[in-house]
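Engineer: Could you have a look at this structure, given as structure tokens, before my questions?
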Number of protein chains: 2
Amino acid sequence: MECSVARTLDVIGERWSLLIVRDAFYGVRRFDDFRADLGIARNVLADRLGSLVARGVLERRQYEARPPRYEYVLTPKGRELLPVLLTMMRWGDRWEADDDAAPVTLTHTTCEHETTPVVTCAHCAQELSWGELRTDPIRVRIPAR
Amino acid sequence: MECSVARTLDVIGERWSLLIVRDAFYGVRRFDDFRADLGIARNVLADRLGSLVARGVLERRQYEARPPRYEYVLTPKGRELLPVLLTMMRWGDRWEADDDAAPVTLTHTTCEHETTPVVTCAHCAQELSWGELRTDPIRVRIPAR
DNA sequence: CCATTGGGTTGCTTGTTGCAACCCACTGCG
DNA sequence: CGCAGTGGGTTGCAACAAGCAACCCAATGG
């Protein structure tokens, strides 16, 4: 499909992939730690890790020779998924939070304030809303009728 | 799972849901238009639309009485998925683009410049990077060993 | 010498998808 | 009036993907 969203979903748009990436951000590196944290079946995890490595999101590194042991760490490409995770985190907090459980909060250590991630225009720094955006070429998917 | 990312994925983390939402942003409203644009099976589409309506992402509105005809439009909750779509769009553009095809560009109509969406701190307006963020409570998913 | 750990593979069963066919209510057309 | 076309689905079946449990192997610790 000739759409960047679709191509992104092709890489991470599947039940486990993004959760694996989230765990990788949280510092998880090893097979059994992913497994323990996610409760995913071993074969499915092996499959997902392999495909994320093949797509360049994770890198498989041997950190011990005998016995051979591997760890999975984010590549630069994988680290650039952070905005996707942050926006999803925010949406989930806002719309799907448990009433009783306070959500995890984020602190921006450079300004030492609790932060909410907002998506802004790289040029004028204002928050982006759909009404103020135009695609070029224009993509209106309503067929002529 | 007690994680906002996981809860978000529970709603939209499935092969078609987010593509349906993307089309809804592009103005698609009717069953057969989604179908034509996505190439999705009818039963699966009916199922996804139903679940997105049940989760409050889309609203099903009758726009014609006899014969009954319905359209699916984004709710405020659904419209707030825009940041997720924009960040995914950007990632796909950057890392999964066809070499030959120029990606769709976004123009911010308020400043009339081509824009890239960046994720910034709501407080200090700087771009957020993982190294400058702390979660609270701290979520490090590396079990003590 | 035996249990444990890391990192898997294999086989079987169950749940999801996709595809095609069908359905129903209406509209427009001749 | 009859009949094709359109919107919005449901039903049935086949193919594939995911989950679960069992097994494997190499090394390490005691």
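The values are calculated or read from the model by the stated rules, or taken from the named source; none is laboratory data. Everything numeric in this text was worked out from a predicted model, so none of it was measured. Cβ: placed from backbone, ideal geometry, glycine included. Neighbour counts: every protein chain shown. We work out accessible area using only protein heavy atoms, side chains counted, and drop any ligands, DNA or RNA first. Shrake-Rupley method; radii C 1.70, N 1.55, O 1.52, S 1.80 Å.
Engineer: I'd like to check something: does the stretch B:76-83 contain any residue that is more than 9 Å from chain A (Cβ to nearest Cβ) and in contact (Cβ under 8 Å) with a residue 40 or more places away in the chain?
Structural biologist: Within the stretch B:76-83 (the criterion being more than 9 Å from chain A (Cβ to nearest Cβ) and in contact (Cβ under 8 Å) with a residue 40 or more places away in the chain), the answer is yes, since at least one residue qualifies.
Engineer: Give the residues of the stretch B:13-36 that are part of a helix (DSSP H, G or I), open to solvent by 50 Å² or more (accessible area, probe 1.4 Å) and of a type outside the set (A, V, I, L, M, F, W, C), sorted by residue number.
Structural biologist: Of everything in the stretch B:13-36, those that are part of a helix (DSSP H, G or I), open to solvent by 50 Å² or more (accessible area, probe 1.4 Å) and of a type outside the set (A, V, I, L, M, F, W, C) turn out to be B:32, B:35.
Engineer: Could you please find all residues in the stretch B:47-75 being free of Cβ contacts under 8 Å to residues at least 12 places away in the same chain and open to solvent by less than 50 Å² (accessible area, probe 1.4 Å)?
Structural biologist: Result: B:50, single match.
Engineer: Still on this structure, please answer the following. Residue A:84 is checked against (1) within 19 Å of residue A:5 (Cβ to Cβ); (2) within 16 Å of DNA strand D (Cβ to nearest atom); (3) not acidic (Asp, Glu) and fails just one. What number does that condition carry?
Structural biologist: Condition not satisfied by residue A:84: (2).
Engineer: Cβ-Cβ distance below 8 Å, separation of 6 or more or different chains: which pairs start in the stretch B:21-41 with a residue that is on the phi > 0 side of the Ramachandran plot and end on one that is surrounded by fewer than 18 Cβ atoms within 10 Å (Cβ to Cβ)?
Structural biologist: B:27/A:140; B:27/A:141; B:27/A:142
Engineer: While we're on this one: Picking from A:34, A:25, which residue would you name as being at the interface with chain B (Cβ under 7 Å from one of its Cβ atoms) and touching a helix residue (DSSP H, G or I) at 6+ places or on another chain (Cβ under 7 Å)?
Structural biologist: None of the other options fit; the residue is A:25.
Engineer: Within 16 Å of DNA strand C (Cβ to nearest atom), at the interface with chain B (Cβ under 7 Å from one of its Cβ atoms), of a type outside the set (Ser, Thr, Tyr) and surrounded by 16 or more Cβ atoms within 10 Å (Cβ to Cβ) - does that describe any residue in the stretch A:37-46?
Structural biologist: yes
Engineer: Please determine, by comparing only the residues of the stretch A:61-80 that are touching a strand residue (DSSP E or B) at 6+ places or on another chain (Cβ under 8 Å) and under 24 Å from residue B:129 (Cβ atoms), which one is nearest to DNA strand C (Cβ to nearest atom).
Structural biologist: A:71
Engineer: Same structure, new question: Please work out if residue B:82 is under 22 Å from residue A:15 (Cα atoms), surrounded by 14 or more Cβ atoms within 10 Å (Cβ to Cβ), among the aliphatic types (A, V, I, L, M) and within 18 Å of the chain's Cα centre (by Cα).
Structural biologist: Here the answer is yes, as residue B:82 does meet what is asked.
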